[in-house]
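Every read-out reported here was derived from the displayed coordinates using simple, explicitly stated rules and does not represent laboratory data. For clarity, every value in this text was computed on a predicted model and none was experimentally measured. All Cβ positions, glycine included, derive from the backbone under ideal geometry; neighbour counts span all protein chains shown.
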Amino acid sequence: MNIAKYICHQKPERSFFIKGRQFPVCARCTGFYTGLVVYLIWSLFNSHSYDLNMLIISMILMVPVAVDGMTQYFGPRESTNTLRFSTGFIGGIGLIIFLKIIIRWVLVVL
């Protein structure tokens with residue numbers, strides 16, 4: 001069963017290939033998941049506060065992927081897989097920081 005089809009469009013022209021085999025997710029999703037994992041590993045060895053400033057930084061980090069995706073979707077330009085991966089990577093870092101902040105805030109409230 002291919003679970004990836006539920007979380008990604010998997011279009012071949014927007015995906016990476018290795019030895020003729022397509023990645024299970026597109027270049028942007030590959031960047032997102034890579035950014036998530038890299039940040040989680042980095043955060044195991046480094047600590048910083050998860051305050052309002054980090055919340056703002058996390059949202060700023062998600063802007064490039066939103067701009068890339070929206071400008072591609074609405075047609076002014078076509079993105080490249082390298083740009084999709086790069087903005088996805090940055091957005092993945094922003095997303096995991098955002099989620100860590102929200103989860104910590106929820107746990108404090110409960």
Item to check | With at most 12 neighbouring Cβ atoms within 10 Å, loop trypsin sites (Lys or Arg not before Pro) (DSSP) excluded, longest segment of the chain | outcome: 20-76
Next on the checklist: Taking the beta-carbon count within 10 Å as an exposure proxy, list I90, I3 from fewest neighbours to most.
Outcome noted: I3, I90
Next on the checklist: On C-alpha positions alone, give me the angle between the axis of helix 52-73 and the longest principal axis of the chain, in degrees, nearest 10.
Outcome noted: 10 degrees
Item to check | Proximal aspartates and glutamates relative to K100, as straight alpha-carbon distance under 19 Å, when same-chain residues fewer than 8 apart are discounted | outcome: D51
Next on the checklist: Explain nothing, just compute: Karplus ³J(HN,Hα) = 6.51 cos²θ - 1.76 cosθ + 1.60, θ = phi - 60°, for every residue of the range 5-13 in order, whole Hz, x for Gly and Pro.
Outcome noted: 5, 8, 10, 8, 6, 6, 5, x, 6
Checklist entry - Fewest first, what order do S49, S86 take by the number of other Cβ atoms within 10 Å? => result S49, S86
Checklist entry - Which of the aspartates and glutamates could be linked to K11 by a straight reach, that is with a Cα gap under 19 Å, when you skip same-chain ones fewer than 8 residues away? => result D68, E78
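Work out the length of the dipole vector of the chain about its Cα centre, built from +1 on the beta-carbon of each Lys and Arg and -1 on the beta-carbon of each Asp and Glu, and round it to the nearest 20 debye. Before the final figure, lay out each step's value.
On the way: 10 positive and 4 negative charges, 74 e Å.
So the dipole magnitude of the chain works out to roughly 360 debye.
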